[in-house]
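Undergrad: Following this message is one structure expressed as structure tokens.
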Amino acid sequence: MTPEPQIGSTPWRASVLTLFPEMFPGPLGASLAGSALKEGIWALETVDIRRFARDKHRAVDGSPSGGGPGMVMRADILGRAVDAAHGADDPRPLIYLSPRGERLTQSLVREIACGPGLVAVCGRFEGIDERVIAARRVREISVGDYVLSGGEVAAFSLLDAAVRILPGVVGAPASLNEESFEQGLLEYPQYTRPQSWEGMEIPAVLNSGHHAKIKAWRRAQAEKITKMRRPDLWTSYQAAHDGVRKKDG
Ligand code: SAH
């Protein structure tokens, strides 16, 4: 069974450490995530890393030890920011958004959404001093095999994906189970009005009112699309289903 986020009396809490606090809530202040924020289903706090710099220029970075291009975020300053946001008994995972991290997937999103929230460190420049990662039990998470200019955009993705599955955020929770990745498959094609558009009709089965047939058609479509576009997902889906068949049989 996939874990379900529980309705709690305290909101799911996100703290974001960033050099650009003015970027937040940004896209998370609109639509589903924005309403949920106003309703107190989740809470968002930003921590300005620069506040923890002590020299008069408030510099947060230094040149890479050993040489090379760019700048690196300093361990002492970031360390102080992390400790201010994430006390020793804070149950929330401490996450560094990083292209070197484990890949963000729907099951990882679900795992995080089921917890009490998160503390996210957004890197800039060439990234952060490795010693912070080593010293503070940091979990590195990547949003994909490409390089962003900062962790903030990655944090938006992670937070948006986690918040939308918190109880009470999406109107019809059933719609979540049907979605891409939730069953290990990509989603089936969706249609709505008008019935005919540019000479293309909605597949007849969808207007048949025959729920079992619609379900079977959707499943077949989802399988076909997954097989074609994502052989990697298809292989794990098949393996999982063979497992179920063997257990049942
Ligand atoms: N020099 C680094 C890239 C630094 S990019 C490297 O080659 O690995 C600057 C910041 O953007 C990173 O510190 C990280 O916080 C964020 N970032 C970039 N790409 C990301 C990705 N795919 N997933 C998550 N965060 C990313």
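Undergrad: Tally time: how many residues in the range 82-96 are out of contact with any His (no Cβ under 9 Å at 6 or more places or on another chain) and within 14 Å of the ligand (Cβ to nearest atom)?
TA: Step one: of the range 82-96, the residues out of contact with any His (no Cβ under 9 Å at 6 or more places or on another chain) are 82-91, 93, 95-96.
Next cut, within 14 Å of the ligand (Cβ to nearest atom) only: 82, 95-96.
Summing the residues that are out of contact with any His (no Cβ under 9 Å at 6 or more places or on another chain) and within 14 Å of the ligand (Cβ to nearest atom) in the range 82-96 gives 3.
Undergrad: If the requirement is being over 30 Å from Gly168 (Cα atoms), within 16 Å of the ligand (Cβ to nearest atom), in contact (Cβ under 8 Å) with a residue 24 or more places away in the chain and within 16 Å of the chain's Cα centre (by Cα), which of these qualifies: Pro99, Pro64? Steps first, answer last, please.
TA: On the way: Pro64 fails: within 16 Å of the chain's Cα centre (by Cα).
Every option except Pro99 fails the conditions.
Undergrad: Let me ask you something else. So, in the range 15-52, how many residues would count as being at positive phi and either touching a residue at least 40 places away in the same chain (Cβ under 8 Å) or crowded, with 18+ Cβ neighbours inside 10 Å (or both)? Let's see the steps before the verdict.
TA: Taking the range 15-52 and keeping what is at positive phi, we get 26, 31, 40.
Still in the list and also either touching a residue at least 40 places away in the same chain (Cβ under 8 Å) or crowded, with 18+ Cβ neighbours inside 10 Å (or both): 26.
Counting residues in the range 15-52 that are at positive phi and either touching a residue at least 40 places away in the same chain (Cβ under 8 Å) or crowded, with 18+ Cβ neighbours inside 10 Å (or both) gives 1.
Undergrad: Something else: Report, ordered by the first and then the second residue, all pairs with beta carbons closer than 6 Å, sequence separation of six or more or different chains, a first member in the range 157-184 that is over 15 Å from Val143 (Cβ atoms) and not assigned by TED's automatic domain parsing to the domain that holds Ala30, and a second member that is at pLDDT 95 or above and basic (Lys, Arg).
TA: Pairs found: Val170/Arg164.
Undergrad: With respect to the numbered conditions (1) among the basic types (Lys, Arg); (2) under 21 Å from Ala135 (Cα atoms); (3) more than 16 Å from the ligand (Cβ to nearest atom), which one is the sole condition not fulfilled by Arg58?
TA: For Arg58, the exception is condition (2).
Undergrad: Then there is this: More than 30 Å from Leu37 (Cα to Cα) and surrounded by fewer than 11 Cβ atoms within 10 Å (Cβ to Cβ): which single residue out of Pro231, Pro189 fits that description?
TA: Values: Pro189 fails: surrounded by fewer than 11 Cβ atoms within 10 Å (Cβ to Cβ).
None of the others qualify; the one that does is Pro231.
Okay, residues lined up against (1) buried (at least 19 other Cβ atoms within 10 Å of the Cβ); (2) at pLDDT 95 or above; (3) under 21 Å from Pro3 (Cβ atoms); (4) in contact with a strand residue (DSSP E or B) (Cβ under 9 Å, 6 or more places away or on another chain):
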position: Gly87; (1), (2), (3), (4): no, yes, no, no
position: Gly115; (1), (2), (3), (4): no, yes, yes, yes
position: Cys122; (1), (2), (3), (4): yes, yes, no, yes
position: Glu126; (1), (2), (3), (4): no, yes, no, yes
position: Val132; (1), (2), (3), (4): yes, yes, no, yes
position: Ile141; (1), (2), (3), (4): yes, yes, yes, yes
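Quick grid of which residues meet (1) out of contact with any helix residue (DSSP H, G or I) (no Cβ under 9 Å at 6 or more places or on another chain); (2) assigned by TED's automatic domain parsing to the domain that holds Gly62; (3) within 11 Å of the ligand (Cβ to nearest atom):
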position	(1), (2), (3)
Ile112	no, yes, no
Pro116	yes, yes, no
Val119	no, yes, no
Arg124	no, yes, yes
Ile128	no, yes, yes
Arg137	yes, yes, no
Glu140	no, yes, yes
Gly144	no, yes, yes
Leu148	no, yes, yes
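Undergrad: Restricting attention to the range 77-96, and to residues there that are assigned to a helix (DSSP H, G or I) and either among the aromatic types (Phe, Trp, Tyr) or in contact (Cβ under 8 Å) with a residue 60 or more places away in the chain (or both), which single residue is farthest from Val119 (Cα to Cα)? Can you show your working first?
TA: Taking the range 77-96 and keeping what is assigned to a helix (DSSP H, G or I), we get 77-85.
Those still in the list that are either among the aromatic types (Phe, Trp, Tyr) or in contact (Cβ under 8 Å) with a residue 60 or more places away in the chain (or both) too: 78, 81-82, 85.
Working: Leu78: 13, Ala81: 11, Val82: 9, Ala85: 7 Å.
The selected residue is Leu78.
Undergrad: Which of the residues that make up the range 150-167 are surrounded by 19 or more Cβ atoms within 10 Å (Cβ to Cβ) and more than 15 Å from the ligand (Cβ to nearest atom)? I'd like the intermediate steps shown before the answer.
TA: Just the residues of the range 150-167 that are surrounded by 19 or more Cβ atoms within 10 Å (Cβ to Cβ), to begin with: 151-152, 154-156, 158-159, 161-163, 165-166.
Once the filter is applied, which keeps residues that are surrounded by 19 or more Cβ atoms within 10 Å (Cβ to Cβ) and more than 15 Å from the ligand (Cβ to nearest atom), the range 150-167 yields Val163, Ile165, Leu166.
The values are calculated or read from the model by the stated rules, or taken from the named source; none is laboratory data. In this text, all values refer to a predicted model and were calculated from it rather than measured experimentally. Cβ coordinates were reconstructed from backbone atoms using ideal geometry, including for glycine residues, and neighbour counts include every protein chain displayed.
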